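Trainee: Mind having a look at this structure? Questions to follow.
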Amino acid sequence: MMYQSYDLYSRSAEMMNGFIGLSQTLMNNPYNPFAKTLLGKSISAGLDTAFHHTKVYDKQPFDIKTTTINGETVNIDEQIILTKPFCNLIHFKQDTKVQQPKLFVVAPLSGHHATLLKATIERLILDHDVYITDWLDAKNVPLSEGEFGFDDYVTYVVDFMKEIGENTHVLAVCQPAVQALIATAILAKEKDPATPKSLTIIAGPIDTSINPNDLNRYASDKDLSWFENNVIMTVPTRYPGAGRKVYPGFIQLSSFIAMNMESHVKKHKDYFSDVFHGKEEESNSHRNFYDEYLSVLDLNGEFYLETIDRVFLNQDLANGKMTYHGELVDLSAITDTALHTIEGQNDDICSLGQTQAAHKLCSGIPDENKLDQVFEGVGHFGTFSGSAFRNRIAPSIAEFIEKHN
């Protein structure tokens, strides 16, 4: 009943949001004699805050129209080149004759939309011809489309790699590190031309038994049945995926916020102050961040439970027990794909060493084709967004890809 209760609250808040928005418009009307008074500005800031607390946050667009290559402005055409029930493959096609290395970004399926990586993509397309997985919200996928589990995720990644073709580099951001590594091993074993030239893994849970953090301990202290009984819920009737078992995005969002509650409270206090004092740049920055951060999607229940079981509870990949459709995964089959791992020194979601573990597991890759990097002063989200990513991490990725292109 929790999902149904949340859905009822969400619909109620949506109705309140309209009234709050109207009140805000009236309060800020230039003909309102109280608009610029101390009381008026306080009420306006309060209404603005309430408006965003009751807002329903839909998926944001990538909306990447142009980039700059060799000093020239280049138009970008966002194209869906392959559609599957739970994911679209998007290509940010550049209107240029400049040949850039193909880069396939495997976005995380962990509660947020792929558009969380918008700034990541904007930086990467300066140096690469970029493709990305755009995972769909499970509550909008009809039951007639069937289930979606861990192996299905790997199959999607394999199919997307084949669709993009040979001479492609892969970048797995956080959660899909394990699946991207498995997909690479599958293609390598088959000696498929689509086997990636390089694989870069950013803050991915390759071996969560290394340096376990609060998140890892939270998962390991429970058995799989606890997750199935407490966080897997049924999609309400008003959605296309009615009746589907899912891990709701609002639960994952609550977990993310709880991990950094003080920071979020401070940001909202600062936002109230910025609105009150008319600091538009700071206010818009806050709105843009939370418009994306608060926009979440549901995960198919089967995929979520299998990921908890195989990645976080049993560390199947690290323990040599990972299977794909019943067959043991052989990471030593990867011999011609260069491997680059990236970790943030202050990452509280994927601890130091958990991503680096991929190097030991991929014993068939020569040492000269491996690179392990830890970036000082960088937290989890900083490994793929913000100034550290733009100025230090992205150039490192481009250099590694160029070396192995």
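FYI, it's all coordinate maths here, none of it is from the lab. Only a predicted model underlies this, so the values are computations on that prediction, with no experimental measurement involved. Reconstructed Cβ throughout: ideal geometry from the backbone, glycine too, with neighbour counts over all protein chains shown.
Trainee: Less than 14 Å Cβ to Cβ from Glu306, Lys/Arg counted +1 and Asp/Glu -1: what total charge do the surrounding residues give? Write down the numbers at each step before the final one.
Mentor: Working: positive: Lys245, Arg310, Lys321; negative: Glu147, Asp151, Asp152, Glu228, Glu302, Asp309, Asp316.
Charge balance in the 14 Å sphere: -4.
Trainee: Still on this structure: Compute, for the chain, the length of the dipole vector about the Cα centre, with Cβ point charges of +1 (Lys, Arg) and -1 (Asp, Glu) only. Units Debye, rounded to 20.
Mentor: 920 debye
Trainee: Same structure again: To the nearest Å, what is the center-to-center distance of region 291-370 and region 99-177, using C-alpha atoms only?
Mentor: When both Cα centres are located, 15 Å separates them.
Trainee: State, as an integer percentage, the relative contact order of the chain based on alpha-carbon contacts under 8 Å between residues 6 or more apart. Don't skip to the end; give the middle numbers.
Mentor: Working: 711 pairs, mean separation 77.4, N = 405.
For the chain, the relative contact order is 19 percent.
Trainee: Also: I want to check the label-to-label distance for Leu39 and Asn167. Put each point 7 Å from Cα in the C-beta direction and report it in nm to one decimal.
Mentor: Each label point lies 7 Å from its Cα, and together they span 7.1 nm.
Trainee: Report the equivalent ellipsoid semi-axes for the chain in whole Å, largest first, defined as the square roots of five times the eigenvalues of the gyration tensor built from alpha carbon atoms.
Mentor: For the chain, the semi-axes come out at 38, 26, 20 Å.
Trainee: I would also like to ask the following. Taking neighbour Cβ counts within 10 Å as the exposure measure, how do Met161, Met233 sort from fewest upward?
Mentor: Met233, Met161
Trainee: Mind checking which of Lys139, Lys102, Lys360 has the largest fluctuation in a GNM of the chain, springs on alpha carbons under 10 Å?
Mentor: Evaluated over the chain, the most mobile residue of the options is Lys360.
Trainee: Using helices alone, I'd like the mean residue ellipticity at 222 nm for the chain: each DSSP H run of four-plus residues gives -39500 (n - 2.57), total over residue count, nearest 500.
Mentor: Result for the chain, helices only: -12000 deg cm²/dmol.
Trainee: So how much slack lies between His325 and Lys65, counting 0.36 nm per residue of separation and subtracting their Cα-Cα distance, in nm?
Mentor: Numbers: separation 260, 0.36 × 260 = 93.60 nm, distance 4.00 nm.
Full-extension gain reported as 89.6 nm.
Trainee: If R₀ is 30 angstrom, what is the calculated FRET efficiency for the pair Asn32 and Glu281, using the beta carbon separation as r and rounding to 0.05?
Mentor: 0.80
Trainee: Relative contact order for region 219-283: what percent, with Cα pairs under 8 Å and sequence separation of 6 or more?
Mentor: Result for region 219-283 is 17 percent.
Trainee: Calculate how steeply helix 249-259 sits against the longest principal axis of the alpha-carbon atoms of the chain, using the helix alpha-carbon long axis, and give the answer as 0 to 90 degrees to the nearest 10.
Mentor: 90 degrees
Trainee: Further question on the same structure: First measure r as the distance between the Cβ atoms of Met16 and Phe289, then evaluate 1/(1 + (r/R0)^6) with R0 = 35 Å and state the FRET efficiency to the nearest 0.05.
Mentor: On the way: r = 23 Å, r/R0 = 0.65.
In this case the efficiency is close to 0.95.
Trainee: Next question. Using a 10 angstrom cutoff on alpha carbons, build the Gaussian network for the chain and name the most mobile of Ile64, Ile349, Ile43.
Mentor: The residue that fluctuates most here is Ile43.
Trainee: Sticking with this structure for a sec: Over the chain, what is the percentage of antiparallel beta bridges among all DSSP beta bridges, to the nearest 5?
Mentor: Values: 24 of 49 bridges.
The antiparallel fraction comes to roughly 50 percent.
Trainee: Hey, another quick one. Assuming R0 = 25 Å, what is the FRET efficiency of Ser255 and Gln4, from their Cβ-Cβ distance, to the nearest 0.05?
Mentor: According to the calculation, E is roughly 0.80.
Trainee: If you take the alpha carbon radius of gyration of region 78-218 and divide it by 2.2 N^0.38 Å, what ratio comes out, to two decimals?
Mentor: Normalised by 2.2 N^0.38 Å, the Cα Rg of region 78-218 equals 1.07.
Trainee: With an 8 Å Cα cut-off and a minimum separation of 6 or more residues, compute the relative contact order for region 264-405 in percent. Numbers along the way, then the final one.
Mentor: Details: 113 pairs, mean separation 24.8, N = 142.
Relative contact order comes out at 17 percent.
Trainee: Given the pairs Lys84/Lys360; Lys222/Lys245; Lys93/Lys360, which span a C-alpha to C-alpha distance of over 31 angstrom in this model?
Mentor: Checking Cα-Cα distances, Lys84/Lys360; Lys93/Lys360 exceed 31 Å.
Trainee: Calculate the spin-label point distance for Ala242 paired with Asn391, positioning each point 7 Å from the Cα along the beta-carbon direction, and give it in nanometres.
Mentor: Each label point is offset 7 Å from its Cα along the Cβ direction, giving 5.3 nm.
Trainee: Separate question: Using label points projected 7 Å from each Cα along Cα→Cβ, tell me how many nm separate Asp309 and Asp192, to one decimal.
Mentor: In this crude spin-label approximation the distance works out to 2.4 nm.
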